[in-house]
Amino acid sequence: MTRRILILQGHPDATLPHLGHALADAYAAGAAAAGHELRRIDIAALDFPLLRSAEDWEHGALPDSLAEAQAAIEWCEHLVILFPLWLGDMPALLKGFLEQVARPGFAFERDTQAGPFGAKRLRGRSARIVVTMGMPALVYKVVYRAHSVRALERNVLGFVGFAPVRETLLGGAGEADTARVGGWSTEMRRLGLAAA
């Protein structure tokens, strides 16, 4: 069964290709080989302001530069988000992007009949989070309890209806040799083939 897949590249540096770009390319190659429909968003190529108030988030207009991105999120059946871990969290530009697009009325509805958290408008979609980091992935999971990934899974994606949300944590990225990166790319291609 083919699926509609959106790959969201969360690295904020548009000047150079990074490991996350190679991993996204490998995932896309696998997905394309399996006949899945693909769209890609590179947040580094987008120009949008950061939100500065709850009022703007709830009632302000979505920037025109993000209309296509929001439509792609609505279009997809599976979302893949890739980003490097910076200061223990996603880069600020990715967080700013998610705050802009995941607005009331699009990502969820404030419907008291649906419960205290409202109605999840993006149900029926799955997601995978791929995070590269300098520290060993086991240290991030055990010592830091993968707190930023858990927050993204629960407080953003889960809150608006994405399920299941799976993760791929790739540690030691700064010192990874060609063979290790090749192994990661093979795994990304496999996940792309399966739209997982």
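Derivation of every value follows stated rules applied to the coordinates shown; laboratory data play no part. Being a predicted model, the structure only gives us computed values, none of them experimental. Ideal geometry is used to build each Cβ from the backbone, glycine not excepted, and the neighbour counts take in all protein chains shown.
General observations
- Summarised in one figure, the compactness ratio Rg/Rh of segment 4-194, Cα atoms and Kirkwood Rh, is 0.96.
- Top positive-direction residue, dipole computed over the chain with Cβ charges, set SER53, MET188, LEU38: MET188
- Exposure proxy for HIS147, HIS11: other Cβ atoms within 10 Å of each Cβ, ordered fewest to most, give HIS147, HIS11.
- Cα-centred dipole magnitude for segment 4-194, charges only on beta-carbon of K, R (+1) and D, E (-1), debye, nearest 20: 700
- Hypothetical label at MET135: residues of segment 143-161 whose amide nitrogen lies under 11 Å (7 Å Cα-Cβ projection): 143-148
- Classified by the C-alpha gyration tensor, segment 17-105 has an oblate form. Its axis ratio a/c, with a ≥ b ≥ c, is 1.5 or above, and a/b does not exceed b/c.
- The modelled label-to-label distance for the pair ALA179/GLU74, using points 7 Å beyond Cα in the direction of Cβ, is 4.9 nm.
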